[in-house]
Amino acid sequence: MYIAKVIGKVVSVLKHPAYENRTLLLVQPLSVRSELVRTPTIAVDYVGAGEGDTVIVGAGPGVAQEVFGIEDAPIRELVMAIVDSVDMTLQEEQT
């Protein structure tokens, strides 16, 4: 699982049947300091997230299959929650 920012929606005319009637979002992983890290990826929306939302993305074998009840779904990442706020104290490394 990781926190990401929704940076767009993916539109496709032709797609695998597992993606029918599902929203595909382009998500950018975030660091603990809310900095953009890694390359964006596509995730299937499960919670109604929109562009600009901070979300929790889960990725694991069979997660999307379990949630959507689809056999052999080629779904790797799933938007599982919209983050309201993050409260955390970061400690600087001591050398």
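The values are calculated or read from the model by the stated rules, or taken from the named source; none is laboratory data. Treat the numbers as computed from the prediction; the structure is a model and nothing was measured. When we count neighbours, we look across all protein chains shown, and the Cβ atoms used for this are built from the backbone with ideal geometry, even at glycine. These accessible areas exclude ligands, DNA and RNA; they are computed on the full protein's heavy atoms, side chains included. Shrake-Rupley method; radii C 1.70, N 1.55, O 1.52, S 1.80 Å.
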Under 12 Å, Cβ to Cβ, from Lys5 - net charge with Lys/Arg +1 and Asp/Glu -1
-2
Candidate cut points under GluC sites (Glu not before Pro) in region 50-90, DSSP loop plus at most 15 other Cβ atoms within 10 Å of their own Cβ, are Glu51, Glu71
Per the helix-only model, the chain has a calculated mean residue ellipticity at 222 nm (DSSP H runs of ≥4, -39500 (n - 2.57) each, divided over all residues, rounded to the nearest 500) of -1500 deg cm²/dmol
Cβ-defined net charge surrounding Val79, 9 Å radius [Lys, Arg +1; Asp, Glu -1]
-3
Structure-derived volume of the Cα convex hull per residue in Å³ - corresponding label in [x] 169; [y] 189; [z] 114
[z]
Excluding ligands, DNA and RNA, the carbon-plus-sulfur percentage of the accessible area of region 6-56 with a 1.4 Å probe reads 53
If you place +1 on the Cβ of every Lys and Arg and -1 on the Cβ of every Asp and Glu, how big does the dipole about the Cα centre of the chain come out, in debye to the nearest 20?
320
